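Comments concern the structure below.
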Amino acid sequence: MKSEPDVYSIDDLIADGRTHWDGVRNYQARNNMMKMAVGDEVLYYHSRQTPPAVVGRAKVVREFYPDFTQFDEESSYFDARSSEENPRWQMVDVEFVEKFDSEISLTEIKEQKPLADMVLVNNSRLSVQPVSKKEFDWILQMSQSQS
DNA sequence: GCCAACGTTGGC
DNA sequence: GCCAACGTTGGC
């Protein structure tokens with residue numbers, strides 16, 4: 001899961017303990033969230049920083065339910081085409097697990113041959129994307145060997 | 001801050 | 001249902 005650190009960083013997640021992942025307004029990203037189950041592990045990625053990087057881990061603690069910001073006219077995430085009866089957008093709740101001692105930059109990830117097929121490497125625009133177990137474990141390993 | 005890549009919208 | 005125009009994301 002990607003977040004712009006200016007908007008909601010992993011330190012914000014540490015402070016909150018857990019949070020609802022509101023504001024996803026892309027169908028592919030939404031569909032990926034709808035596949036998540038309680039207990040699923042999440043890599044936490046900071047986009048739009050230099051360099052962009054995986055900065056830690058979280059886990060899913062509540063499966064998808066309607067994103068309330070879509071009904072809030074005050075919110076920038078408001079969607080007039082959505083209704084409570086027929087919501088377009090969903091969110092999940094995630095809980096903080098770990099902040100890596102050293103960030104795993106996108107540059108380093110791109111250097112790893114076993115990670116060549118990661119969605120992160122091939123479709124940089126998707127904000128919620130699937131990670132295979134192999135990829136997940138590989139990145140976790142990288143974070144442990146760097147610290 | 002720029003701009004390529006991608007997603008969405010809407011006219012036809 | 002195609003595709004041009006537009007808006008957004010995110011790496012650089």
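Since every read-out is calculated from the coordinates, none of them should be taken as a lab result. The model shown is predicted, which means the values in this text are computed figures rather than measured ones. Every residue, glycine among them, receives a Cβ derived from its backbone with ideal geometry; neighbour counts consider all protein chains shown.
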Chymotrypsin sites (Phe, Trp or Tyr not before Pro) within segment A:60-147: which are DSSP loop residues with at most 13 other Cβ atoms inside 10 Å?
-> A:F78
Treat each spin label as a single point 7 Å out from the Cα along the C-beta direction, and report the A:F78 to A:T107 distance in nm.
-> 4.3 nm
Return the long-range amide H neighbours of A:G56 (sequence gap of 5 or more, or a different chain), with a cut-off of under 5 Å between placed amide H atoms.
-> A:Y44, A:F100
Do any trypsin sites (Lys or Arg not before Pro) in segment A:88-143 lie in a DSSP loop with no more than 13 other beta carbon atoms within 10 Å, and if so, which?
-> A:R125
Give the residue from A:Y65, A:W138, A:S47 lying farthest towards the positive end of the charge dipole for chain A; charges sit on Cβ (+1 for Lys and Arg, -1 for Asp and Glu) and the dipole is referred to the Cα centre.
-> A:W138
Among the GluC sites (Glu not before Pro) within segment A:39-147, which fall in a DSSP loop and have no more than 15 other Cβ atoms within 10 Å of their own Cβ?
-> A:E73, A:E74, A:E84, A:E85
Set the Förster distance to 35 Å, then compute FRET efficiency between A:Q49 and A:N86 from the Cβ-Cβ distance, nearest 0.05.
-> 0.45
Considering the alpha-carbon set of chain A alone, what are its Rg and its Dmax in angstrom?
-> 15.5, 49
Within the set of other residues whose C-beta is less than 12 Å from the C-beta of A:R62, count the net charge using Lys and Arg as +1 and Asp and Glu as -1.
-> -2
So what's the angle, to the nearest 10 degrees on a 0 to 90 scale, between helix A:133-146 and the longest Cα principal axis of chain A?
-> 60 degrees
In whole percent, what relative contact order does chain A give with Cα contacts below 8 Å and a gap of six or more residues?
-> 28 percent
